[in-house]
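Following: one structure in structure tokens, then a few remarks.
Read-outs: derived from the displayed coordinates by stated rules, not from any lab. Keep in mind it's a predicted model, so treat the numbers as computed, not measured. Using ideal geometry, Cβ is built from the backbone for each residue, glycine included, and neighbour counts are taken over all protein chains shown.
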Amino acid sequence: MPQNEISIPVPIVNEAGYPGNFGWSRFPCFTYDPGLLWAPRHRISESDRYLVFSPTHLLSVEIRDDGYQGYVGMSVVSLKDKKRSTHIHLQPLPLGGYYLPTDSVRGSIKLIRGKNRLDFAAMDGGVRIIRVDFPRFGHHRSLRGELVLFEPEEPESLVTNMPWRREKNSFRYSRRSPWYTVEGVVQFGSSELVFTRGNAWGIFDWNRGVRPRSDVRFWAAACGIERGRQLSFSVGYGSTDSAEGTENAFFVDGKLHKLDQVTFHINPANWLLPWRFTSNDGRLEMTFNPSQERVERTGLVFFSMTRRQFCGSFSGKVILDDGSELGFHEITGFAERVKTSF
């Protein structure tokens with residue numbers, strides 16, 4: 001289907017605070033200000049999330065303000081021995097109290113809760129820094145360290161602004177950048193998690209908007225090296241209306257190749273069996289082999305969230321924008337289903 005690519009700066013909402021200018025972009029060209037939205041603060045949803053992984057571990061760090069529920073979550077997943085450890089802090093009615101930036105390019109976040117500290121810093125040149133210091137993360141182990149994320153040269157992101165199907169005055173403005181290289185060390189108890197550039201990758205997931213009363217979202221992303229080139233992707237769908245722009249793209253050395261609709265084919269009896277991904281334009285055939293599952297359920301006040309996240313590897317082939325075919329084999333990544341309601 002035709003998609004609306006936007007290449008100039010446009011506002012997310014009109015003068016009355018209602019959403020418009022729906023479509024997608026290669027750059028964060030939309031302007032967002034929660035103070036201009038029509039919705040009450042408890043309907044506004046904002047989140048910053050990083051997923052960083054090496055051949056041995058995946059680290060997920062997220063700050064999320066869903067109005068009724070504030071969420072600060074971190075998970076360490078061992079990709080080798082399938083062990084997982086998660087720390088979640090819930091706060092009732094944050095209502096903007098995390099002061100998440102209105103711009104995905106600039107702005108930093110600092111959260112201090114008792115002895116726990118979490119920083120997201122956006123630096124010049126597209127460099128991002130994650131700092132964590134949790135003296136008691138899980139099973140009386142500490143989690144401390146610093147990771148530096150680097151952009152490829154002149155990168156493009158998948159940026160979308162979409163309404164919800166059944167609630168047209170609600171919307172989600174998102175940016176997904178799955179192509180960071182990462183270096184740094186995180187001390188997890190007595191273990192040292194080492195991330196080295198060229199062998200460790202980072203995915204940035206940034207979302208702002210007015211949420212509906214319920215939502216189901218599927219998302220998958222991965223990054224790695226294929227034939228000497230950096231290959232990454234972000235594909236997904238959910239309750240949003242993607243008529244103006246889907247959330248599906250592959251990236252080669254940071255350059256975006258846009259896909260139309262992508263479908264996740266999952267065995268309903270066992271989600272740990274291989275998944276299949278196809279696109280309606282015939283450009284994608286991909287298999288996901290999940291190795292383990294992490295389930296997360298949270299609920300506070302009137303809000304609840306359930307996340308089923310699977311780690312594993314992706315293999316398949318994709319047709320790029322120039323018509324060439326690129327095959328790939330066992331690229332590390334994850335796939336998930338998230339359901340929220342209030």
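Key figures
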item	result
Subset tally (residues that are of a type in the set (D, E, K, R), surrounded by fewer than 13 Cβ atoms within 10 Å (Cβ to Cβ) and within 19 Å of Phe27 (Cα to Cα)) for the stretch 110-156	3
Residues (basic (Lys, Arg) and touching a residue at least 24 places away in the same chain (Cβ under 8 Å)) located in the stretch 260-294	Arg283, Arg294
Among the residues listed as Gly17, Gly70, Gly35, Gly107, the single one being surrounded by 15 or more Cβ atoms within 10 Å (Cβ to Cβ) and outside any strand (DSSP E or B)	Gly17
Unique match (being surrounded by fewer than 20 Cβ atoms within 10 Å (Cβ to Cβ), at positive phi and in a strand (DSSP E or B)) among Gly299, Gly282, Gly316, Gly323	Gly316
Matching option when the condition is buried (at least 21 other Cβ atoms within 10 Å of the Cβ), of a type outside the set (D, E, K, R) and assigned to a loop (DSSP other than H, G, I, E, B), among Pro101, Pro94	Pro94
Residue among Thr306, Thr287 that is within 18 Å of the chain's Cα centre (by Cα), in a strand (DSSP E or B), surrounded by fewer than 18 Cβ atoms within 10 Å (Cβ to Cβ) and of a type in the set (S, T, N, Q)	Thr306
Near pairs, Cβ below 9 angstrom, 6+ apart or cross-chain, from the stretch 102-125 (within 28 Å of Val13 (Cα to Cα)) to any residue that is exposed (fewer than 15 other Cβ atoms within 10 Å of the Cβ) and β-branched (Val, Ile, Thr)	Ala121/Val127; Ala122/Val105
Number of positions in the stretch 246-265 that are buried (at least 20 other Cβ atoms within 10 Å of the Cβ) and part of a loop (DSSP other than H, G, I, E, B)	4
Candidates Val148, Val132, filtered to the one that is touching an Asp or Glu at 6+ places or on another chain (Cβ under 6 Å) and not basic (Lys, Arg)	Val148
